[in-house]
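Everything below concerns the one structure shown next.
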Amino acid sequence: MNSIKNASSKHFIQQITNGNISFLSKAITLVESNSQKHYQKASEILEGCLPHANGCIRIGITGVPGVGKSTFIEAFGKYLTRLNKKVAVLAIDPTSSLNKGSILGDKTRMESLVNDKNAFIRPSPSGDSLGGVTRKTRESITLCEAAGFDYIIVETVGVGQSEVAVHGMVDFFLLLKLANAGDELQGIKRGIIEMADLIVINKADGKFEKQANLAKTEFKRALHLFPAKESEWIPEVTTSSALNNTGIENIYQILNTYLKLTKKNGYFYQQRKLQNKQWFYEAINNELKNQFYKDEKVIESISEYLNKIEKDEINPFKAAQNLLKRTTI
């Protein structure tokens, strides 16, 4: 492990592009690190890997806790590896706002997939980023692409605005639903439905199979009320039982139909370009934020203003305005 830790950026890039999982894991750790000493090396590795990226299919998968995301991803991932495809799973785990710890349990829930030589599972704590999507997910995607993975699955925590963030970095967006969770359409966020390229009613087995088929019909009717997608794709609704491994092949076929259409009409490539522009702006915002909070004058001023806020000498909004006027980064 020390040999990996002390390896040069050039050696990291060489090993990652050769598919070395140990170096890939360590590189993602460097990218996720908030330490300034790791920042330069992570940037060099990322820059060296960029020319080798963009050759995979990125899939976003979301759904509320308990919908069976981990079981579904394992079943779908195993289906892909049986086709001799390499699969990377970036599972964003919720971080506690109290102790900053995260569950990081996806490796234990995907026991079969984690032992597959053609699969790589990387649980990452969501940290303080919007909606539970780690700020470094885009960089992790690039590293996995450079390592030669054919499919990258990004799993969200299924809460907040994480779906919006993930939708902005994948090619295909899959929403998992349950058939036995009450009124299927009541309380569903319109935005999530609009983003979905495929809705899968999961756990469609046993006594819930009939309910799953009814839910499928309801969702299909509901989708007709939404405006046409820019991709010209008409979202599909299907059922699956990840536990029984049914419906997985059909989902793969739907994915391929979508990719064939969007590559033919140019939407696939147009979206990739748009996502790179979004990444550019996010990188600027993150860099400005990092520089701002590391500036010694800013650190002193923040301490000064916090003291005044505590004494009710100034309100937080005015303090922020004054601080920004006084500081140039």
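The values are calculated or read from the model by the stated rules, or taken from the named source; none is laboratory data. Keep in mind that this is a model prediction, so the values were computed, not measured. Neighbour counts run over all protein chains shown; Cβ positions are idealised from the backbone, glycine included.
Just checking, how many residues over region 269-283 are closer than 20 Å to H38 by Cβ and loosely packed, with under 13 Cβ neighbours inside 10 Å?
Total satisfying the criteria: 1.
Of everything in region 191-225, what is charged (D, E, K, R) and at pLDDT below 80? Give them in sequence order.
Answer for region 191-225, where residues must be charged (D, E, K, R) and at pLDDT below 80: there is none.
If you take the residues of region 24-57 that are without any contact (Cβ under 8 Å) to a residue 40 or more places away in the chain and in a loop (DSSP other than H, G, I, E, B), which of them is nearest to Y151 (Cα to Cα)?
The residue in question is S33.
Somewhere in region 232-244, is a residue surrounded by fewer than 20 Cβ atoms within 10 Å (Cβ to Cβ), of a type outside the set (F, W, Y), within 20 Å of T262 (Cα to Cα) and out of contact with any helix residue (DSSP H, G or I) (no Cβ under 7 Å at 6 or more places or on another chain)?
yes
Within region 7-23, work out how many residues are in a loop (DSSP other than H, G, I, E, B), of a type in the set (A, V, I, L, M, F, W, C) and either in contact with a Ser or Thr (Cβ under 6 Å, 6 or more places away or on another chain) or under 21 Å from L90 (Cβ atoms) (or both).
Residues flagged as in a loop (DSSP other than H, G, I, E, B), of a type in the set (A, V, I, L, M, F, W, C) and either in contact with a Ser or Thr (Cβ under 6 Å, 6 or more places away or on another chain) or under 21 Å from L90 (Cβ atoms) (or both) within region 7-23 amount to 0.
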